[in-house]
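Let me begin by presenting the structure, written as structure tokens, before commenting on it.
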Amino acid sequence: MAVLLKNGQPIPDSWIALDDTEAAVPDGPVIISLERWTRDRAALAGRNAPLGIRLKSHQLAPAIAADLGRFELVMLEFPKFRDGRHFSTARELRERYRYTGEIRATGHVIPDQYLFMTRVGFSSVEVPDGANLESWRLALNEVSVAYQAGVLDDSPLAGLRRKVAL
Amino acid sequence: MSGLYRYDELDRRFLAERVEQFRRQVERRLAGELTEEEFRPLRLMNGLYLQLHAYMLRIAVPYGVLSSAQMRALAAIGRRHDRGYGHFTTRQNLQFNWIKLVDVPEILGALAAVDMHAIQTSGNCIRNVTTDQFAGAAPDEAVDPRVYGEILRQWSTLHPEFTFLPRKFKIAITGSPHDRAALAIHDVALRAKAGADGAVCFEVYVGGGLGRSPFLAKLLNDQVAEQDIIAYLEAVLRIYNQYGRRDNIYKARIKILVHEVGVDKLREQIEAEFDRIRGPKFRLDPEIVETIRAHFAPPPFDTLPAESVAFEQARTADPEFARWCRSNLAPHRQTGYAGVTITLKPTGGIPGDITSEQMEAVADLADRFSFGEVRPSHEQNLIFAHVRKNDLHALWIELRRHDLATANAGLIGDIIACPGLDYCALANARSIPLAQQISERFADLDRQHDIGELKIKMSGCINACGHHHVGHIGILGVDKQGVENYQITIGGDATETAALGQVLGPAVKYDEVTDTVEKLVEFYLEQRRAGERFIDTVARIGVRPFKERVYGSAA
């Protein structure tokens, strides 16, 4: 089981990630793939429970832009931690499409990316079971100065720089 | 001290935290918490490579400006942790080739003590920004590129969105019409200039790069306003991060995206993104620019006459000094001053290598003669940007004592070479011993001066760290069934008239390279017209006659 982190702390996960092969959609919050949303959108749109969508690393923000109002969560998948496309996806969701729901990272992610993730708009991250949670917690405070605007930053401290630690 | 960006408390805090972070990353790797696959990009982003025999640490010299104190610190690290020397690279950085992993946190700490680091000198991120080595001194300069070099250094440092790009991303910047920063071979290149209204704006080029598919950068926009430059670069990088290829490491640079999509279509995408984000968030505040510009104010120049009597007398009296002046001086915008190139290319030497003793001598001489400032150039030399002509002879005498006064800047002995098979795990062939051989063959400096401007650039593999594609004579090491062979190109050019060299003919063997170079040079000397440089003659008569000279007319 993966552990869900928010602000460096484990939190309970109320979402169910649905496999594309599971025919029935349970009640309650579920996360579906973009493929399933495209296929079953008429049926899914009629549900009352919260809906989340999961994007593979080549599925970028414009692919769901028109439907963003339907999703309370966007889950962005990292097949390899070196595949950094979703750093841009998260940022586009926040700044271009003004998305205010949860953006969650999943897949192969490492603590050394955590601060970057929060700065481009991720709100939560699923880390693999057995991960050193202390490293994840520390990662948000290791470097307290940033030299450019993140999603949540407004004006810099001096020059281009700003303080970013929690 | 002017001419250098001075760190403040915030910059220092950042660096100290970054050193600690890397110390923990090393610990986590040793504890097995990070796999080697996971650790690798982290160490690369801190400049640490694993080479053939040892770790190599590449230290950032942002936009190629060092203080004398920083140079002394590098000398000390070279003595303590390497074998008493360092190596300047084609990206204005310094490499130590014999580093132990356990020493790295200590070295990073020693660097941080003089406001230096090794951040983003490697890895798939925005690399250390490079610029014109005569910034702030060149008479043709319209805008000081160091100001924007520093702004880009800050903006690109640990950029949260662009640290896991498809591939490395190199930016060069100049503020002059004459290109001394090799703009055309960079992923993005900027030329700062005064726009129609007199305000600073930028020409932005994209998609240059060498390696196995060489491309020259193409113009993306010829007038991006100063206040928009960060937004514009954010747009370029965001498009690249999302749409650059990740399926094949050899096709992952932005040059391939430009090539496959086409620059016009890519421009549409980039400018659409730019229009969306150019609002207040990414606007470069003029106050920030002015604050940073103040760091690069001109040093306290003396008011001097245009002609230096002492200089003219020394030149007349001392032909050896006069010869050095012919090749190693650059004009200066301030009356009575000159720029000086200290070539790290002694006869038979290793291009770019410098001993710790020499580094210390250079630091002392910089304090005495050039406002305490030293600049590595992309041609692997060191520059004193501002020397009084009255002092040139005294400086030359001191340089000569330290074997640093070789009169060959821009000449055939001023060879760019990558480390090659002697150090590098990627190389197919040696480059250093070959550079040494050519340098020995043309040891006669009068002969070098007679030949004139001729830039040999050499790489030990297709990755082209030695910029062979843009050498007047380019030499590329290739492996042919386990035997080192060298492909030779001529007519390449890295300046504002940039061109990729053309292949001369079949690759030659290791011990044929120097003879081949000599044949090319002899043929040029026979064919040249008055005032023609080697590449001018190649441009006029074409590659074919050179080819026939080397391979015989049957070729």
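The values are calculated or read from the model by the stated rules, or taken from the named source; none is laboratory data. Since we're looking at a predicted model, the values are computed, not measured. With ideal geometry, Cβ positions are generated from the backbone for all residues, glycine too; neighbour counts draw on all protein chains shown.
General observations
- Among the residues making up segment B:231-248, those that are more than 16 Å from A:Glu95 (Cα to Cα), touching a residue at least 60 places away in the same chain (Cβ under 8 Å) and at the interface with another protein chain (Cβ under 10 Å from one of its Cβ atoms) are B:Tyr240, B:Asn241, B:Gly244, B:Arg246.
- For segment A:101-152, a residue qualifies if it is farther than 19 Å from B:Gly32 by Cα, more than 8 Å from chain B (Cβ to nearest Cβ) and among the charged types (D, E, K, R), and the qualifying residues are A:Glu102, A:Arg104, A:Glu126.
- Yes/no for A:Ala105 being more than 30 Å from B:Tyr5 (Cα to Cα), out of contact with any helix residue (DSSP H, G or I) (no Cβ under 7 Å at 6 or more places or on another chain) and among the hydrophobic types (A, V, I, L, M, F, W, C): no
- Among residues of segment A:123-140, those that are in contact with an Asp or Glu (Cβ under 9 Å, 6 or more places away or on another chain) and not in a strand (DSSP E or B), counted: 5
- For segment A:83-100, the criterion of a residue being among the hydrophobic types (A, V, I, L, M, F, W, C) and in contact with a Leu (Cβ under 6 Å, 6 or more places away or on another chain) is satisfied by no position.
- Residue that is surrounded by 18 or more Cβ atoms within 10 Å (Cβ to Cβ) and within 11 Å of chain A (Cβ to nearest Cβ), where the choices are B:Glu27, B:Glu9, B:Glu17, B:Glu38: B:Glu38
- Filter pass, B:Thr514 being in contact with a helix residue (DSSP H, G or I) (Cβ under 9 Å, 6 or more places away or on another chain), in a loop (DSSP other than H, G, I, E, B), in contact (Cβ under 8 Å) with a residue 24 or more places away in the chain and of a type in the set (Ser, Thr, Tyr): no
- Hits in segment B:66-92 (condition: polar (S, T, N, Q) and either free of Cβ contacts under 8 Å to residues at least 12 places away in the same chain or touching a Gly at 6+ places or on another chain (Cβ under 8 Å) (or both)): B:Ser67, B:Ser68, B:Thr89, B:Thr90, B:Gln92
- Pairing residues of segment B:282-303 that are within 14 Å of chain A (Cβ to nearest Cβ) and in a helix (DSSP H, G or I) with residues that are surrounded by 13 or more Cβ atoms within 10 Å (Cβ to Cβ) and among the acidic types (Asp, Glu), at Cβ distances under 6 Å and at least 6 apart in sequence or on separate chains, gives B:Phe282/B:Glu234; B:Ile292/B:Glu150.
- Within segment B:255-273, the set of residues being touching a residue at least 40 places away in the same chain (Cβ under 8 Å), more than 14 Å from every other protein chain (Cβ to nearest Cβ) and not charged (D, E, K, R) comprises B:Ile256, B:Val258, B:His259, B:Val263, B:Leu266.
- Answer residue from segment B:349-388, given it is within 17 Å of B:Pro299 (Cβ to Cβ) and assigned to a helix (DSSP H, G or I) and is farthest from the chain's Cα centre (by Cα) among those: B:Arg368
- The listed residues are B:Gly3, B:Gly64, B:Gly32, and the only one of them that is more than 10 Å from every other protein chain (Cβ to nearest Cβ), closer than 28 Å to B:Ala189 by Cα and modelled with pLDDT under 95 turns out to be B:Gly3.
- From A:Arg54, A:Arg47, A:Arg98, A:Arg119, residue being within 24 Å of A:Leu138 (Cβ to Cβ) and either touching a residue at least 40 places away in the same chain (Cβ under 8 Å) or part of a loop (DSSP other than H, G, I, E, B) (or both): A:Arg119
- For segment B:342-350, the count of residues that are surrounded by fewer than 16 Cβ atoms within 10 Å (Cβ to Cβ) and either more than 14 Å from chain A (Cβ to nearest Cβ) or of a type in the set (Phe, Trp, Tyr) (or both) is nonzero.
- Scanning segment A:88-130 for residues that are within 19 Å of B:Leu233 (Cβ to Cβ) and among the aromatic types (Phe, Trp, Tyr) yields a total of 1.
- Residue in segment B:139-146 that is in a helix (DSSP H, G or I), farther than 30 Å from A:Met117 by Cβ and within 14 Å of another protein chain (Cβ to nearest Cβ) present: no
- Some residue of segment B:495-511 being under 21 Å from B:Cys424 (Cα atoms) and in contact (Cβ under 8 Å) with a residue 24 or more places away in the chain: yes
- Residues located in segment B:430-468, provided they are among the aliphatic types (A, V, I, L, M) and within 22 Å of the chain's Cα centre (by Cα): B:Ile432, B:Leu434, B:Ala435, B:Ile438, B:Leu454, B:Ile456, B:Met458, B:Ile462, B:Ala464
- Among the candidates A:Leu157, A:Leu60, the residue that is touching a helix residue (DSSP H, G or I) at 6+ places or on another chain (Cβ under 8 Å), modelled with pLDDT of 95 or more and facing chain B (nearest Cβ under 7 Å) is uniquely A:Leu60.
- Looking across segment B:258-281 at every residue that is outside any helix (DSSP H, G or I) and more than 30 Å from the chain's Cα centre (by Cα), the one that is farthest from B:Glu226 (Cα to Cα) is identified as B:Gly279.
- Considering the conditions (1) outside any helix (DSSP H, G or I); (2) among the aliphatic types (A, V, I, L, M); (3) crowded, with 20+ Cβ neighbours inside 10 Å, B:Ala425 is excluded by exactly one of them, (3).
- Candidate set: segment B:399-411, residues that are under 26 Å from the mean Cα position of the chain (by Cα) and outside any loop (DSSP other than H, G, I, E, B); chosen: the one surrounded by the fewest Cβ atoms within 10 Å (Cβ to Cβ): B:Arg400
- Count of segment A:87-100 residues which are more than 15 Å from B:Asn124 (Cβ to Cβ) and either facing another protein chain (nearest Cβ under 10 Å) or of a type in the set (Gly, Ala, Ser) (or both): 6
- Meets criteria (more than 9 Å from chain B (Cβ to nearest Cβ), surrounded by fewer than 23 Cβ atoms within 10 Å (Cβ to Cβ) and not aliphatic (A, V, I, L, M)) for A:Asp67: yes
- Residue within segment A:87-95 that is in contact with a strand residue (DSSP E or B) (Cβ under 7 Å, 6 or more places away or on another chain) and in a loop (DSSP other than H, G, I, E, B) present: no
- Residue selected from segment B:118-127 under the condition in contact with a helix residue (DSSP H, G or I) (Cβ under 6 Å, 6 or more places away or on another chain) and part of a loop (DSSP other than H, G, I, E, B), by the criterion surrounded by the most Cβ atoms within 10 Å (Cβ to Cβ): B:Gly123
- Flag for B:Glu268 being among the acidic types (Asp, Glu) and out of contact with any strand residue (DSSP E or B) (no Cβ under 8 Å at 6 or more places or on another chain): yes
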